[in-house]
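The values are calculated or read from the model by the stated rules, or taken from the named source; none is laboratory data. Just so it is clear, the model here is predicted, and its values are computed rather than measured. Cβ placement follows ideal geometry from the backbone for every residue including glycine, while neighbour counts extend to all protein chains displayed.
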There are 2 protein chains.
Amino acid sequence: METNYKKIFLDKIVKKKLVIGVIGLGYVGLPLAILLSKKGFKTYGFDTDKNKIKSIYSKKSYIERIKNSDINFLLKNGSFFFDFKHISLCDVIIICVPTPLYKGKPDLSYIRKTIISISKYLRFGQAIILESTSYPGTTEEEIVSKLKQKFTIGKNFFVGFSSERINPGENENKLKTIPKVVSGLSQNCLSIIYKFYDTFFNKVVRAKSIKIAEFSKLLENIYRAVNIGFINEMKFIADKMNTDIYEIIKIANTKPYGFVRFNPGPGVGGHCIPIDPNYLYWKAKKLGISANFIKLSAETNIKVINFIKLKILRTLKTLNIDKTKAKILILGLSYKKNIDDLRESASLKLIKLLKDNNINKIEFSDPHIKKNIQTRDYNIKLKNTKLTTKNLLSFDIVVIMTDHDKFDYKKIYKHSKHVIDCRGRFKTDHKVSRG
Amino acid sequence: METNYKKIFLDKIVKKKLVIGVIGLGYVGLPLAILLSKKGFKTYGFDTDKNKIKSIYSKKSYIERIKNSDINFLLKNGSFFFDFKHISLCDVIIICVPTPLYKGKPDLSYIRKTIISISKYLRFGQAIILESTSYPGTTEEEIVSKLKQKFTIGKNFFVGFSSERINPGENENKLKTIPKVVSGLSQNCLSIIYKFYDTFFNKVVRAKSIKIAEFSKLLENIYRAVNIGFINEMKFIADKMNTDIYEIIKIANTKPYGFVRFNPGPGVGGHCIPIDPNYLYWKAKKLGISANFIKLSAETNIKVINFIKLKILRTLKTLNIDKTKAKILILGLSYKKNIDDLRESASLKLIKLLKDNNINKIEFSDPHIKKNIQTRDYNIKLKNTKLTTKNLLSFDIVVIMTDHDKFDYKKIYKHSKHVIDCRGRFKTDHKVSRG
């Protein structure tokens, strides 16, 4: 009799005998591994970054919002590796590797390398689920196509896609409360993957196809990218009309239907908004369609940095200060408030732009940034200034880029000579202008 | 002693002695006049369209959702005129005239003609409130600037702007439940206008300036225009990827934060979405800023008509039907469901485009359209077909343009040869495709 791999898989879930492998222990994989592990399933973690594996074994979290106690818990139920030998022990393999851009185009190298690295450890009865965000078609093109010669997918192997909906700083520790979208290549794939996530999440939503699930994740992010781009453009217009965009938004927001508030800001950061939309843009272009809203949003959101630069230059001129001597303090480096995440940070872009403009006396203050500023793109040596009265007074302009709740805004207002507020924290007046 | 016009005005409100004049008795003015009148205030209505005045005096409503009984009520407490003599009797004058486009640019002629016509009847102690949607600055440029030689605004005359938030087919009869935005040229203007609307509306919101109030109304509408344009573009992309945009939206919509559902459609109609954004576009352009999101939304929303045309042509080709002989039935003519409003209707644009493409055998069915189709732009002689089994069967393609609830969808599905569904009413299958 033929082995019923679906039944075996489902039985293992019920008996909590299922072994889980999570590949990629970053912003997505680490909180996911913790959730799975807490339910009592053996959870293996894989990451080619040895520092992450070391950090886990020394019970130290490398993500600000993930507690050391959770890392400790992970170790009780699982093991962590920087090679892929133990993939063969896993019944389900969840891929949460980065999908960045390279020269503005999707860079699927992490997914591809992962598939190559694990392929010799794959066996009948396993399921692979992609959680990395990518364009519609990725799971089929990059995973299914590579495995279908070795396996009969839907019978002795299972493949699907499930989107991650992590909102950094907000829901890492309550993942299970966010409805989880799942999809599978075949009906069997779908039902296995559904049952799997249903064990951990309060609500699981079945998409009709993998492509629909992949597209839905991008739609969620592009909706935000477009609306942030749009409101930033409205900021430019309001500014030109000498009105305050925040006052306009406040009034529009009293409409009880048909309006949703988005706030303008200094640009977009993180992964979801600056990166993901480009994946759909690229794929659509290959099909002969120009995704104009995506393009325009990206262009507009990047324009804001220049808008802020001009505000700074204009303010210096008004204050009669030579820009080469001007002292500028940047408040907030991370891309959004209350987190330490520097990915695609607008503050870093602004610092670079100011330096290109011969404004070199720049310091920053960010209570969430503990170590040196070093990302894939930036290596900036700047001082993390303490917000004392004396320090504040020593700057010509203080620019609020990220409005961390930990900042003492009363103090900032009182002791700053001039504030350029890109987050609408203050009302505008003689010493506060919008950025 | 100087006359205290503010006090007189406020006293009249308390004593219900205030006389109200509403200029423009269309989609905005008529329901507003009814609301004011129902509170027991003497309400005069003005409109240069004699047919409207006649219709009111014959107790007949000319707007589908406004009941004859409400028109009857209007007559108890007020009088209606097509000239402006009686403006001198009014303490408050609310202007609700059209602000259309002329060759793509704001056409303020209705506001200008109104101001010219009423100016000789203006007197100390009156208040003028603009409710017509227009670009930021309109109230000051078109009203304040014309009156400030004759009056000291804020002392012996009052001017302000209050946005209308009517959602045709939804809230004409519950206007007072929608927060009402008010603004005034000076503090006195604002407090008078606030008190006035506060008598009729549950919640009144004060904007800091007239410009902010004017801008906020446009922001509300542009937000919708942009999101409809965006989701229509996503429809084009999903279609090219052979996926169903409605399935994608359904899945994305399970995200409990950060996503708001907009539905693609056959284009946009009415006043708010196709017209209003152009007002800001035009004003921004004058200030040297290109409002790219507005432009892109308009372009994309108009592209949909062509997308539907191509769908029809492709379907005819697949069905092997000569387009000059093809019989097409358009379901729904009004710009949105359950109303009779033909302003900027996408269906009318489609009919014109099909005729330009030598598809002439077109009929329509719309339970809300009673009379001949005649708008500012179209004069189309078409039959309003009854949706019988026999009739449905006689068409090669049935196109769902406006999904009125009155349609019998089961019947439509059962008896149509092929349906192009632009509203997501049906799932796609062998006889239903997306438009």
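Among the residues of region B:149-184, those that are away from every other protein chain (no Cβ under 12 Å) and of a type in the set (A, V, I, L, M) comprise B:153, B:159, B:175. Reported count of residues in region B:252-265, each being within 29 Å of residue B:348 (Cβ to Cβ) and at pLDDT below 95, is 1. Against the condition among the basic types (Lys, Arg) and over 28 Å from residue B:100 (Cβ atoms), how does residue B:211 come out, does it pass? No. Counting the residues of region A:221-250 that are facing chain B (nearest Cβ under 7 Å) and touching a strand residue (DSSP E or B) at 6+ places or on another chain (Cβ under 9 Å) gives 1. So, in region A:31-65, how many residues would count as being farther than 25 Å from residue A:367 by Cα and either of a type outside the set (D, E, K, R) or touching a His at 6+ places or on another chain (Cβ under 7 Å) (or both)? The total comes to 15. Looking for something surrounded by 24 or more Cβ atoms within 10 Å (Cβ to Cβ), touching a residue at least 12 places away in the same chain (Cβ under 8 Å) and over 18 Å from the mean Cα position of the chain (by Cα) - is there at least one such residue anywhere in region B:256-265? Yes: one or more hits.
Could you grab me the full set of residues in region A:262-283 that are farther than 14 Å from residue A:220 by Cα and more than 9 Å from every other protein chain (Cβ to nearest Cβ)? Within region A:262-283, A:263, A:264, A:265, A:266, A:267, A:268, A:269, A:270, A:281, A:282 qualify. Whenever a residue of region B:95-110 is closer than 17 Å to residue B:164 by Cα, its partners that are assigned to a strand (DSSP E or B) and at pLDDT 95 or above, lying with C-beta atoms within less than 6 angstrom and at least six residues away or across chains, give the pairs B:95/B:23; B:95/B:130. Using the structure shown, decide if residue B:293 is under 22 Å from residue A:223 (Cα atoms), facing another protein chain (nearest Cβ under 7 Å) and under 21 Å from the mean Cα position of the chain (by Cα). Answer is yes for this residue.
Counting only helices (runs of 4 or more DSSP H) wholly contained in region B:284-394, the ones carrying 3 or more residues that are closer than 23 Å to residue B:271 by Cβ occupy B:292-318, B:346-356.
Taken over region B:395-435, the criterion of being among the basic types (Lys, Arg), surrounded by fewer than 19 Cβ atoms within 10 Å (Cβ to Cβ) and outside any loop (DSSP other than H, G, I, E, B) is satisfied by B:410, B:411, B:414.
Each residue in region B:311-351 was checked for being among the hydrophobic types (A, V, I, L, M, F, W, C), free of Cβ contacts under 8 Å to residues at least 60 places away in the same chain and surrounded by fewer than 18 Cβ atoms within 10 Å (Cβ to Cβ), and 1 pass. All of B:298, B:284 fail the test of being crowded, with 18+ Cβ neighbours inside 10 Å, without any contact (Cβ under 8 Å) to a residue 12 or more places away in the chain and hydrophobic (A, V, I, L, M, F, W, C), apart from B:284.
Among the residues of region B:211-218, not a single one is within 30 Å of residue B:147 (Cβ to Cβ), surrounded by fewer than 20 Cβ atoms within 10 Å (Cβ to Cβ) and charged (D, E, K, R). Would you confirm whether or not region A:196-210 contains a residue that is touching a residue at least 60 places away in the same chain (Cβ under 8 Å) and within 14 Å of chain B (Cβ to nearest Cβ)? So far as region A:196-210 goes, yes, one or more of its residues are touching a residue at least 60 places away in the same chain (Cβ under 8 Å) and within 14 Å of chain B (Cβ to nearest Cβ). Considering B:308, B:275, the condition of being among the aliphatic types (A, V, I, L, M) and either under 30 Å from residue A:303 (Cα atoms) or without any contact (Cβ under 8 Å) to a residue 12 or more places away in the chain (or both) is satisfied by B:275 alone. Any residue that is farther than 19 Å from residue B:32 by Cα, in the same structural domain as residue B:19 (by TED's automatic domain parsing) and at pLDDT 95 or above - is there at least one of those in region B:165-178? Taking every residue of region B:165-178 in turn, none turns out to be farther than 19 Å from residue B:32 by Cα, in the same structural domain as residue B:19 (by TED's automatic domain parsing) and at pLDDT 95 or above. Answer yes if at least one residue in region A:152-166 is in contact with a Leu (Cβ under 9 Å, 6 or more places away or on another chain) and at positive phi, and no otherwise. Within region A:152-166, one or more residues are in contact with a Leu (Cβ under 9 Å, 6 or more places away or on another chain) and at positive phi. Within region A:132-148, the set of residues being within 23 Å of residue A:166 (Cα to Cα) and within 14 Å of another protein chain (Cβ to nearest Cβ) comprises A:133, A:134, A:135, A:136, A:137, A:138, A:139.
Does region B:396-417 contain any residue that is at pLDDT 95 or above, polar (S, T, N, Q) and out of contact with any Ser or Thr (no Cβ under 8 Å at 6 or more places or on another chain)? Yes, the conditions are met somewhere in region B:396-417.
Against the numbered list (1) under 29 Å from residue A:277 (Cα atoms); (2) surrounded by 13 or more Cβ atoms within 10 Å (Cβ to Cβ); (3) at pLDDT below 95, residue A:376 comes up short only at (2).
Say whether the condition of being more than 7 Å from chain B (Cβ to nearest Cβ) and over 28 Å from the mean Cα position of the chain (by Cα) is met by at least one residue in region A:300-311. Checked region A:300-311: at least one residue is more than 7 Å from chain B (Cβ to nearest Cβ) and over 28 Å from the mean Cα position of the chain (by Cα).
Restricting attention to region A:213-248, the residues that are touching a residue at least 60 places away in the same chain (Cβ under 8 Å) and of a type outside the set (S, T, N, Q) total 17.
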